[in-house]
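Take a look at the structure below.
Please treat every number below as a calculation from the coordinates, not as lab data. Since the model is a prediction, treat every value here as computed from it, not as a measurement. So basically every Cβ, Gly included, is an ideal-geometry build from the backbone, and we count neighbours across all protein chains shown.
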Amino acid sequence: MGVLFTTGNAFTQENRGMVIQGEKAKDTGYLFAFTEATKMYLFGDYAGAASLYTECLKFKPNSAAANYQLAEIYLKAGDIKKAKQFSIEANHYDSTNKWYTLQIAGIYEALSKRDSAVIMYKRLLDGSGKDIMVYYQIASLLEREKNYEQALEYLDKIEKEIGPSRETLIGKSRIYEGMGMSKEALYQLKRAVTGKEDDYVVYGMMAEHFRMHGKADSAEYYYKRVYHDHLDDANVVFSYGEFLLAQDRIDEARKVYVNAYGGSKIDNGIKFRYLYNALQDEGQFKKVRPVLDTVVAVLLKKSPENLNVMSLYSDVNYRMGNYKASGDVLRKIIIKDETNYKAWEQMLFCQSAMDQKDSVIMYGRKAIDKFDKRPLPYLIMASAYYLKEEYNNALSLLKSGEEYADAEPIKVEFYSLLAECYGKIENQKLSDQYYENALKLDSINPGILNNYAYSLAVRGESLEKAKMMSGYTVYNEPENSTYLDTYAWVLFKNNEVRKAFTYIKRALKNGGDKNAEILEHYGDIVLKMGKMNKAVKIWEEAIRYGDEKARKALEEKMEGLNRKH
């Protein structure tokens, strides 16, 4: 017994020493890895830093600092979900560190988990003067969650501690506006007026308040109080310009914008961002459209050789449908910078929009010479050949460019046009195959469903399938005359003449009454119903709207009918 006891005791003491040495080794390894990782982080080697911080967690899995740093790295990389995982761990192991709390609160904000963010921010409240900033943050989050009552409570706490401040009163005004309490919102803005020079900010808000509530005279009164003395403030200038546009005072608005873009001290970056926002936001584009062409013309006159200005001028005019103006500047851009692929692409779109098929082909060839692995020049050029009825040339381009169409949306466009081209040269097998390929990628594309259904109807094949596809397009777009015409034609070919008549009439009602092909189908359906004279009158009407090829085909149809009778 004694021997066993002594041996066991000796083993325990030795093992304890090894454990202590092992813990020291872990501490040393952790400290070395953390120090090196931090150096890498400071010098911007985030991948190397992440690798070493991960090693730190092998030494100390419960290291809040290493988890926090990894969260920071993943935030920089834009991987917010991964950052969240590490930040939660950091806060789990150390819930008292304010930086860890701020980090996870910010992550919850970015993920729109505002309730969770509020909970984390509340952890920072300690009864000190620093609570004020936390109150602001919590109030802002609660406002965005439309939890207006609680947001006001925090703003009231701020006002109680430091008195009324402009930030607090403006925040209250905004909240009352959100609650539909416009009088109280205006009252808070009036409280924010202090008699100081920067009151113009509040007056601008009051102008917008009246503008929003349809009180144009009051809005103009406050705009005029601030506009002329603050021509370098973008918020004031653009808000006033938009007010004038909303009042349909286009000439006055144009003067405001011309002054802003032609001679004011507003930062160019702000001015450019305003225009880019208008191009990207449909509502904003409609709002400022009456002055956009004038504004970019002023910019171009001021900086005729600036590529950014030229590009903006081209973009605005293209969006407004001024394709010639856009194309004229695009030519200059291409001359200055032949490597600007976007300029070539937009030039092709401009020429296509103007139905300049030969120009599309000319610029398309040049674009393909320079950017032979870009799919769009092949597609747009092939479309021009298709419209010229040069289907083999179109097919050659499509087959060459198909391999570069790596994104699904453009693959769909290639397959659809390939199907159309093969249909035109009566290779129905390949035409159907490409329609099927397109529908595998976009099974509810109305244009492809319509064209495929029409192709089947013309051939009198798979009419039930055609009926299903065409019926889907009509269900989703019940006022589209092209889709209504196709459905009527499918029904007609399926011997559902009465139903076909109903849908062809709907096609006519929705703009098809001036379309030669739709009118021709209308005549065919009426003829099938035994009304020959009416059918002839309808075809005569169709001739008025058709091109030379359509007119000739209709005349031959009427001559053939006369010979039979």
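So, in nm, how far is label Ala553 from label Gln247 when the simple model puts each one 7 Å beyond its Cα toward the Cβ?
Output for this residue pair reads 5.6 nm.
At a 10 angstrom cut-off on C-beta neighbours, averaged per residue, how do the peptides 48-59, 477-488 rank from highest to lowest?
Going from most to least packed, we get 477-488, 48-59.
So the label point goes 7 Å from the Cα of Met179 along Cα→C-beta, right? Which residues of segment 120-138 then have their backbone N under 17 Å from it?
Inside the label zone: nothing.
Within segment 464-492, list the residues whose amide N lies under 14 Å from a label point set 7 Å along Cα→Cβ of Val458.
Only 486, 489-490 fall inside the zone, counting backbone N under 14 Å.
Using a Förster distance of 35 Å, how high is the FRET efficiency between Arg191 and Lys76, based on the Cβ-Cβ distance and rounded to 0.05?
0.25
So I have (1) 37; (2) 42; (3) 61, and one of them is percent of Cα pairs over 38 Å apart calculated from this model. Which one is it?
Evaluating percent of Cα pairs over 38 Å apart on these atoms matches (3).
Could you pull out the GluC sites (Glu not before Pro) across segment 270-346 that fall in loop regions by DSSP (anything but H, G, I, E, B) with no more than 13 other Cβ atoms inside 10 Å?
Answer by residue number: Glu305, Glu338.
Cα-Cα over 23 Å: which of Lys467/Lys552; Lys60/Lys82; Lys265/Lys336; Lys190/Lys271?
Lys467/Lys552; Lys265/Lys336; Lys190/Lys271
Cα to Cα, under 14 Å, and not fewer than 8 places away if on the same chain: which aspartates and glutamates meet these conditions relative to Lys58?
Within the straight-line limit of under 14 Å, Lys58 reaches these aspartates and glutamates: Glu23, Asp27.
How many angstrom separate the Cα center of segment 494-556 from the Cα center of segment 252-301?
That distance is 48 Å.
Which aspartates and glutamates, if any, have their Cα less than 20 Å from the Cα of Lys411, not counting same-chain residues under 8 positions apart?
Of all the aspartates and glutamates, those that pass the test against Lys411 - Cα under 20 Å, at least 8 places apart if same chain - are Glu345, Asp372, Glu402, Glu403, Glu420, Asp432, Glu436, Asp442.
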